[in-house]
1. Output the residues belonging to segment 181-194 that are over 24 Å from Asp104 (Cα atoms) and touching a helix residue (DSSP H, G or I) at 6+ places or on another chain (Cβ under 7 Å).
2. Quick check, is Leu92 touching a strand residue (DSSP E or B) at 6+ places or on another chain (Cβ under 9 Å), surrounded by fewer than 17 Cβ atoms within 10 Å (Cβ to Cβ) and aliphatic (A, V, I, L, M)?
3. So Glu8 fits all but one of (1) under 20 Å from Ser210 (Cα atoms); (2) free of Cβ contacts under 8 Å to residues at least 40 places away in the same chain; (3) part of a helix (DSSP H, G or I); (4) not hydroxyl-bearing (Ser, Thr, Tyr); what number is the exception?
4. Which of (1) under 28 Å from Pro17 (Cα atoms); (2) outside any helix (DSSP H, G or I) is the odd one out, the single condition Ser105 does not satisfy?
5. Before we move on, is Lys202 more than 17 Å from Ala20 (Cα to Cα) and more than 15 Å from the chain's Cα centre (by Cα)?
6. Kindly indicate the residue of segment 109-141 that is of a type in the set (A, V, I, L, M, F, W, C) and not in a helix (DSSP H, G or I) and also nearest to Ile39 (Cα to Cα) among those meeting that condition.
7. Residue by residue through segment 79-102, note down the ones that are outside any strand (DSSP E or B) and either without any contact (Cβ under 8 Å) to a residue 24 or more places away in the chain or not small (Gly, Ala, Ser) (or both).
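The values are calculated or read from the model by the stated rules, or taken from the named source; none is laboratory data. Computed from a predicted model, the values in this text were never measured in an experiment. Virtual Cβ from ideal backbone geometry, glycine too; neighbours counted across all protein chains shown.
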Amino acid sequence: MHSAEAEEIRSLIGLRPEEAFENCKTLLSIQPHPDDTDIAAGGTVARLSSRGCRIIYVTVTDGGAGTTDPSMSWDRLSDIRKREQQAAAQTLGVSELIWLDYRDSELRPTLELRNRLITLVRHYKPDVILTVDPWLPYEAHPDHVATGLVASEAFFFSNLTNINREDLEKGLEPHSPRYIAYYWTKNPNLYIDISDLIDVKKKAMAAHQSQFTQEVIELLVKYSQLLGKRAGYRYAEAFKILNQTALHINSFADTL
């Protein structure tokens, strides 16, 4: 339950989480690895794509670190994971896959990455950016922290004309997405009912055979079940929805 103070701040800054995915024409998902968005938001992605929303996945790293098999080379695993993501994307109705191919497990927030993401935001002009919450307590994976932070910066700066001025010279106009939606968040303010899409989500996750056993998939489904219980649904996905105003000098952001 949000406090009266938080509701007042929401009203003042025009933050309406329940409207984040409504009338979404384009969603840009910026994920650390192949599979992250499918695990955290596959049901929501399937719902939006079925309604005509164009879904673009930007995968920041190459996924080459994700194995305990000494016979599996980095490049081979990276290729496998790309094929797995392609299969999962087809299941969910994703329109386009973009690969930035940074080294898995070694990502750091850089200006170069921020500029690349800003250019993509200006090119695709999404209504919503979907990404991992970089402020999740106890998150140990640097790729998740860096991806979430730099995606947030791209969301925040993509409308400023003196940032990446070379984009303007190429005909890419500044753009302000309406919302950024964080998954794997400690402080969700929106739950999406995916009860009728849980089998679709499971199929998408099962495409990532190099990463998930059936036992792991069932654990991930259990997470969706627990999130659903919070919101009165059988299965749900949870998001922290913020707008640009909420992401700067806002000590109330975690309560909104």
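1. Within segment 181-194, Asn187, Asn189, Leu190, Tyr191, Ile192, Ile194 meet the criteria.
2. On the way: touching a strand residue (DSSP E or B) at 6+ places or on another chain (Cβ under 9 Å): yes; surrounded by fewer than 17 Cβ atoms within 10 Å (Cβ to Cβ): no; aliphatic (A, V, I, L, M): yes.
No.
3. Every condition holds for Glu8 apart from (1).
4. (1)
5. Working: more than 17 Å from Ala20 (Cα to Cα): yes; more than 15 Å from the chain's Cα centre (by Cα): yes.
Yes: the conditions hold for Lys202.
6. Within segment 109-141, the subset of a type in the set (A, V, I, L, M, F, W, C) is 111, 113, 117-118, 120-121, 128-130, 132, 135-136, 140.
Of the ones still in play, those that are also not in a helix (DSSP H, G or I) are 128-130, 132, 135-136, 140.
On the way: Val128: 18, Ile129: 17, Leu130: 13, Val132: 11, Trp135: 18, Leu136: 16, Ala140: 18 Å.
So, considering only residues that are of a type in the set (A, V, I, L, M, F, W, C) and not in a helix (DSSP H, G or I), the one nearest to Ile39 (Cα to Cα) is Val132.
7. Filtering segment 79-102 down to residues outside any strand (DSSP E or B) leaves 79-95.
If the condition is that a residue be outside any strand (DSSP E or B) and either without any contact (Cβ under 8 Å) to a residue 24 or more places away in the chain or not small (Gly, Ala, Ser) (or both), then Asp79, Ile80, Arg81, Lys82, Arg83, Glu84, Gln85, Gln86, Gln90, Thr91, Leu92, Val94 are the ones that fit.
Residues are listed down the side, and each one gets a yes or a no for (1) part of a loop (DSSP other than H, G, I, E, B); (2) charged (D, E, K, R); (3) modelled with pLDDT of 95 or more:
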| residue | (1), (2), (3) |
| --- | --- |
| His144 | no, no, yes |
| Phe156 | no, no, yes |
| Thr185 | yes, no, yes |
| Asp196 | no, yes, yes |
| Ala204 | no, no, yes |
| Tyr223 | no, no, yes |
| Arg234 | yes, yes, yes |
| Asn250 | yes, no, no |
